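Following this message is one structure expressed as structure tokens.
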Amino acid sequence: MVQNKFFEEVKKSLNDAIGEEIDEKLIEIPPDSKLGDYAFPCFSLAKKFKKAPQMIATELKDKIKFNENLISEIKTIGPYINFFINKKEFSKNILNEINDKKEKYASEDNKDYTVMIESPGPNTNKPLHLGHVRNMLLGNSIQNIYNFLGYKTVHVDIVNNRGVHICKSMLAYHKFGNNSEPDKKPDHFVGDYYVKYAKAEKEHPEMEEEIQEMLKKWEENDPETRALWQKMNDWCLVGMKTTYDRYGVKMDKPYYESEHYVKGRDIALNALKNGIFEKNEKGDIIVDFEKEKLGKKVILRANGTSVYMTQDLVLAKLRYEDYEMDKLIYIVGAPQSYHFQVLFKIFEKLDFHFAKDCFHLAYGMVKLPDGKMKSREGNVVDADNLADDMHFVSKKEIQKRHPEIDEKELEKRAESIGMGAIKFFVLKFDAMKDFVFNPKESLSFEGETGPYVQYTYARISSILRKYGKEVTEEINFNNLNDSFDIVKLMSRLNETVKKSAEDHKPSYICRYLLDLCKLFNEYYHNNKILQDDKELEKARIHLIKQIQTILGIGMNLIGMQPIEEM
């Protein structure tokens, strides 16, 4: 990366002046560009030189020799040595690198490391809801980020397709469905029967016994029960696939609870035999983490039935056999944090290869303003209706601005803006924080929204269309000294993406995009891009073209579509 050579020059000049290699982590980026582009605090040298840090800074400044093509000036401010980058050389290097590498700028190659992401874990008894939206958008973005950094990624799912909750839809359909076929999106059709069961069970509490009987028949492989289960599961999965596609989620492999829920018994019994697990007074197989203050956790009940922990153990083992992943990221709601603390400790006890590199990406609740987009159940918004509503509102807004727009283009643009608004609004929040999804706010062309980012991208497209040609001649980068803060931010894309991967926070990408849009729009309002001074015009066109490239990369990382015209 080009910016590394400027950093390396700072480090080398300090090492030479001090006479030993410094810890590069001590080199800071000042909060204000007036204080320089890099700063070194001299506190760590006080013991070595037996002097006050401020005096050390003054003396070292006079010793430092630097390459003037890379560093233009050095100043001391108190105990800090502040380095100022050669603006012309830096802008030339960064902008030309972006121009050459385009969408590959700031990407990496880490192909020898495989990251697996589990998301979103639906139940096959109703449509995906707003909580699943947050889950799958986090999963998709995390996968995009790791892909960009060159890692092999695998997106897997655990489909919860068995149990009491599944039997509720099945029983309601058996009683009230009259063997009808779906007359709507099939997962919604199945979900309607889940709602019908809830209503019917209030009047007929004996249905709870029928549910248990149906589950027993399913576990005994009763042909009629299994056939009904298969039919309704297939309906739900077909509908969910359509939702995944609309939200841009690509699944490498789903794992089905029905196929694996009994297989964890062998792991539990083997670990018991080897003294890793133990039995309690009830006969349950447990793991004891009292010393770690995590209590005792049941792995297999005394009657032989498994729990979620059992299933997660066998799934992890199967997934490693399938993909040999090095890292495993579970995207599951915050209430399950304890479960994953224990699970990861069990992985270590069982000596699973990936045990030291597992992460639970916990997330908070998504709420809605009162009275907004309530579903049939009155308290849950499904992913499809949310997308439809956002599409509809986007479409109306586009028609106001472009009454003559072609219908096909209108639909395409409305979908891009509507989905972009959802994705950006959901991902801009730290995953652990609860937040209120406000549809109206998320679609605003101003503020911290997806449409604002798309609008900025489209504004640059409009300027480039008016300019109408490629910049092929030599550029005078002295004409871009007033855009230095923008170029510096562009140069930090790689560190932003890496930090986002390291902390599992796509919100960093959203913040980066907002900061870049803000700097561009300020620059645009203060500087005329298209003008009579052709040298200046050419330099500014070159600048904004690279800004657009960076915006496009960032949007792709969070699953948004760049738009040429709003």
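The values are calculated or read from the model by the stated rules, or taken from the named source; none is laboratory data. All values reported here derive from a predicted model rather than from experimental measurement. Neighbour counts are summed over all protein chains in view; Cβ atoms, including those assigned to glycine, are modelled from backbone coordinates with ideal geometry.
One residue is enough: does the range 82-93 have a residue meeting the conditions surrounded by fewer than 20 Cβ atoms within 10 Å (Cβ to Cβ) and under 18 Å from Gly554 (Cα atoms)?
Scanning the range 82-93, I find no residue that is surrounded by fewer than 20 Cβ atoms within 10 Å (Cβ to Cβ) and under 18 Å from Gly554 (Cα atoms), so the answer is no.
While we're looking at this one, here's another question. Does the range 235-257 contain at least one residue that is assigned to a helix (DSSP H, G or I) and of a type in the set (Asp, Glu)?
yes
Here is a further query. Of all residues in the range 240-275 being buried (at least 16 other Cβ atoms within 10 Å of the Cβ) and over 24 Å from Val154 (Cβ atoms), which is farthest from the chain's Cα centre (by Cα)?
Here the residue is Leu272.
Still on this model: Which residue out of Asn303, Asn270 is within 24 Å of Lys216 (Cβ to Cβ), of a type outside the set (Ser, Thr, Tyr) and free of Cβ contacts under 8 Å to residues at least 60 places away in the same chain?
Only one candidate passes the filter, namely Asn303.
Residues are listed down the side, and each one gets a yes or a no for (1) modelled with pLDDT under 95; (2) farther than 16 Å from Val487 by Cα; (3) hydrophobic (A, V, I, L, M, F, W, C):
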{"residue": "Leu519", "(1), (2), (3)": "no, no, yes"}
{"residue": "Asp533", "(1), (2), (3)": "no, yes, no"}
{"residue": "Ala539", "(1), (2), (3)": "no, no, yes"}
{"residue": "Leu543", "(1), (2), (3)": "no, no, yes"}
{"residue": "Gln546", "(1), (2), (3)": "no, no, no"}
{"residue": "Met555", "(1), (2), (3)": "no, yes, yes"}
{"residue": "Met560", "(1), (2), (3)": "no, yes, yes"}
{"residue": "Glu565", "(1), (2), (3)": "yes, yes, no"}
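Still on this structure, please answer the following. Taking the criterion of being in a helix (DSSP H, G or I) and either in contact (Cβ under 8 Å) with a residue 12 or more places away in the chain or surrounded by 17 or more Cβ atoms within 10 Å (Cβ to Cβ) (or both), would at least one residue in the range 372-382 satisfy it?
no
Now for a different question. Does the range 160-169 include one or more residues that are of a type outside the set (Asp, Glu), free of Cβ contacts under 8 Å to residues at least 60 places away in the same chain, more than 21 Å from Tyr308 (Cβ to Cβ) and surrounded by 18 or more Cβ atoms within 10 Å (Cβ to Cβ)?
no
Still on this structure, please answer the following. Please go through the range 94-109 and pick out each residue that is under 29 Å from Ile475 (Cα atoms) and either surrounded by fewer than 19 Cβ atoms within 10 Å (Cβ to Cβ) or over 40 Å from the mean Cα position of the chain (by Cα) (or both).
Answer for the range 94-109, where residues must be under 29 Å from Ile475 (Cα atoms) and either surrounded by fewer than 19 Cβ atoms within 10 Å (Cβ to Cβ) or over 40 Å from the mean Cα position of the chain (by Cα) (or both): Asn96, Glu97, Asn99, Asp100, Lys101, Lys102, Glu103, Lys104, Ser107, Glu108.
Still on this structure, please answer the following. Looking only at residues in the range 412-438 that are closer than 12 Å to Leu386 by Cα and at pLDDT below 95, which one is nearest to the chain's Cα centre (by Cα)?
Within the range 412-438, the match that is nearest to the chain's Cα centre (by Cα) is Phe437.
Name the residue that is farthest from Ile142 (Cα to Cα), counting only residues in the range 170-201 that are surrounded by fewer than 17 Cβ atoms within 10 Å (Cβ to Cβ) and among the basic types (Lys, Arg).
It comes out as Lys175.
I've got another one for you. Among what's in the range 112-126 and is in a loop (DSSP other than H, G, I, E, B) and of a type outside the set (Val, Ile, Thr), pick the residue that is farthest from Leu171 (Cα to Cα).
Asp112
On the basis of being within 29 Å of His542 (Cα to Cα), among the basic types (Lys, Arg) and touching a helix residue (DSSP H, G or I) at 6+ places or on another chain (Cβ under 9 Å), does Lys48 make the cut?
no
Can you confirm whether the range 289-299 contains a residue that is out of contact with any Asp or Glu (no Cβ under 6 Å at 6 or more places or on another chain), surrounded by 13 or more Cβ atoms within 10 Å (Cβ to Cβ), without any contact (Cβ under 8 Å) to a residue 60 or more places away in the chain and more than 12 Å from Leu343 (Cα to Cα)?
No; the residues of the range 289-299 include none that is out of contact with any Asp or Glu (no Cβ under 6 Å at 6 or more places or on another chain), surrounded by 13 or more Cβ atoms within 10 Å (Cβ to Cβ), without any contact (Cβ under 8 Å) to a residue 60 or more places away in the chain and more than 12 Å from Leu343 (Cα to Cα).
For residues in the range 526-552 being over 16 Å from Ala458 (Cβ atoms) and under 32 Å from the mean Cα position of the chain (by Cα), which is surrounded by the most Cβ atoms within 10 Å (Cβ to Cβ)?
Leu543
OK, next. Any residue in the range 49-70 that is over 30 Å from Asp109 (Cα atoms), within 38 Å of the chain's Cα centre (by Cα) and surrounded by 15 or more Cβ atoms within 10 Å (Cβ to Cβ)?
Within the range 49-70, none of the residues are over 30 Å from Asp109 (Cα atoms), within 38 Å of the chain's Cα centre (by Cα) and surrounded by 15 or more Cβ atoms within 10 Å (Cβ to Cβ).
If Ala302 satisfies every condition in (1) at pLDDT 95 or above; (2) loosely packed, with under 15 Cβ neighbours inside 10 Å; (3) touching a Lys or Arg at 6+ places or on another chain (Cβ under 8 Å) but one, which is the exception?
If we test Ala302 against (1) at pLDDT 95 or above; (2) loosely packed, with under 15 Cβ neighbours inside 10 Å; (3) touching a Lys or Arg at 6+ places or on another chain (Cβ under 8 Å), just (1) comes out false.
Taking helices (runs of 4 or more DSSP H) that fall entirely within the range 405-508, which contain at least 2 residues that are at negative phi, crowded, with 22+ Cβ neighbours inside 10 Å and in the same structural domain as His542 (by TED's automatic domain parsing)?
Here the list reads 407-427, 450-467, 484-491, 493-503.
For the range 311-328, does any single residue satisfy the condition of being among the aliphatic types (A, V, I, L, M), touching a Gly at 6+ places or on another chain (Cβ under 6 Å), surrounded by 14 or more Cβ atoms within 10 Å (Cβ to Cβ) and farther than 20 Å from His129 by Cα?
Among the residues of the range 311-328, at least one is among the aliphatic types (A, V, I, L, M), touching a Gly at 6+ places or on another chain (Cβ under 6 Å), surrounded by 14 or more Cβ atoms within 10 Å (Cβ to Cβ) and farther than 20 Å from His129 by Cα, which makes the answer yes.
Right, next: Being modelled with pLDDT under 95, of a type in the set (A, V, I, L, M) and in contact with a strand residue (DSSP E or B) (Cβ under 8 Å, 6 or more places away or on another chain) narrows it down to one of Val332, Val342, Val307, so name that one.
Val307
Scan (1) under 37 Å from the mean Cα position of the chain (by Cα); (2) at pLDDT 95 or above; (3) surrounded by 13 or more Cβ atoms within 10 Å (Cβ to Cβ) for the single condition Phe43 breaks and write down its number.
(1)
Return yes when Val190 is within 30 Å of Thr153 (Cα to Cα), of a type in the set (A, V, I, L, M, F, W, C) and either at pLDDT below 95 or under 37 Å from the mean Cα position of the chain (by Cα) (or both) and no when it is not.
no
Okay, residues lined up against (1) farther than 21 Å from Phe484 by Cα; (2) touching a helix residue (DSSP H, G or I) at 6+ places or on another chain (Cβ under 9 Å):
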{"position": "Ile85", "(1), (2)": "no, yes"}
{"position": "Glu108", "(1), (2)": "yes, yes"}
{"position": "Lys111", "(1), (2)": "yes, no"}
{"position": "Thr124", "(1), (2)": "yes, yes"}
